[in-house]
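The values are calculated or read from the model by the stated rules, or taken from the named source; none is laboratory data. Quantities reported herein were computed from a predicted structural model and do not represent experimental measurements. With ideal geometry, Cβ positions are generated from the backbone for all residues, glycine too; neighbour counts draw on all protein chains shown. Accessible surface areas use protein heavy atoms only, side chains included; no ligands, DNA or RNA. Shrake-Rupley method; radii C 1.70, N 1.55, O 1.52, S 1.80 Å.
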Amino acid sequence: MAAESSKKLTSEQKAAAVIVALGADKASKVYKYLGEDEVEKLTVEVAKLGHLDADQSDAALDDFYKTCLTQKVVTDGGLEYARSVLEKAYGEATANELLSKVTKYLKNRSFEFIRKTDSKNLYSMLQHERPQTIALILSYTDSEQAAQVIAELPEDKKIPVVECIARMESASPEAIKLVESQLRHKFDNILTTDYTVIGGVDYIADVMNHMDRSNEKAIFDEMGKDDPELADTIRKKMFVFEDILTMDERSIQRFIRDCDMKDIVYALKNATEEMSDLFYRNMSSRMAETIQSDLEITVNVRLRDIEEAQQHIVNTIRRLEEAGELIINKGGKDDIVV
């Protein structure tokens, strides 16, 4: 019972907890403002929620209240005013967390039509735009979609777009509205009159993490000639296949359990001896024998297939990190307590 009580709720579970706490009548009014996909996801979460103790319910409602308050002060007075108010009320750490959550929501309201467009259509729409315009619009897409579009861009635009996103820090609502107007799409007015944080090194690193290995290498090789410092800054923010060597063994054992056996075989086909030994050391002896046996009979493998398998493994690691099931050491200042 104690373990269940201390279990941290996901953002989806928190939303479901708020809906349950509101009661059927008020909850039905909230549903009117949601899209079909949101209603479906929320309903599924409510159905799966089960029993919550008082502490969990109170925590979810408190989080919801703080988020609503944050959105209001951002809208009324801008980000700096909101930061000042929230830091006085809750302290610097909580204020930063709340502002990050709300500014992400405000950002997601812009270019909403993009999220309903597949990467192929988005590329068709953007391919003839200037790199600065492409960078601005891709900063409002999810990182995987942005990676797919950048991969298709011609070489003379690919590097400038990556550099523009990496150097991007903010854009005024007026500039965003102008770009949207030029693309002949309508959407709601931006809620804040302050500047919204977009793009930047963290975002482009996330984009590059979703890029296929061939394009990733080509972009960094070219960028390394023009701006080696920026290329190095982005690379340090990324997690690539070779970074598995920096992971702790418990985390390695965790992601191996979720990997496809074929991906491991292909990924180790041209891996270093150090990398191969690390994998074998963190799997059962039976699995290691099977992998080694498959490697011996797996011949004439295309480099593209090896890179794709390595990317699948990286994607699995990143997904598990986001779920809090393993740790990626990115060389930052975070200390790990064991």
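General remarks:
- Filtered residues of segment 276-330 (kept if part of a loop (DSSP other than H, G, I, E, B) and under 18 Å from T246 (Cβ atoms)): N282, E325, L326, I327, I328, N329, K330
- So M261, is it open to solvent by 60 Å² or more (accessible area, probe 1.4 Å) and more than 16 Å from E242 (Cα to Cα): yes
- Subset of segment 288-301 (residues that are modelled with pLDDT of 90 or more, open to solvent by 100 Å² or more (accessible area, probe 1.4 Å) and of a type outside the set (A, V, I, L, M)): E289, E296
- Hey, G77 at pLDDT below 75, within 30 Å of A146 (Cβ to Cβ) and not acidic (D, E) or not: no
- Residue count, segment 242-258 (criterion: assigned to a helix (DSSP H, G or I) and either touching a Ser or Thr at 6+ places or on another chain (Cβ under 6 Å) or open to solvent by less than 20 Å² (accessible area, probe 1.4 Å) (or both)): 6
- All positions within segment 197-227 that are open to solvent by 80 Å² or more (accessible area, probe 1.4 Å) and not basic (K, R): V197, D202, D226
- Residue in segment 27-41 that is modelled with pLDDT of 75 or more, under 29 Å from A89 (Cα atoms), in a helix (DSSP H, G or I) and of a type in the set (G, A, S) present: no
- The set of residues in segment 228-241 that are crowded, with 17+ Cβ neighbours inside 10 Å and basic (K, R) contains only K237.
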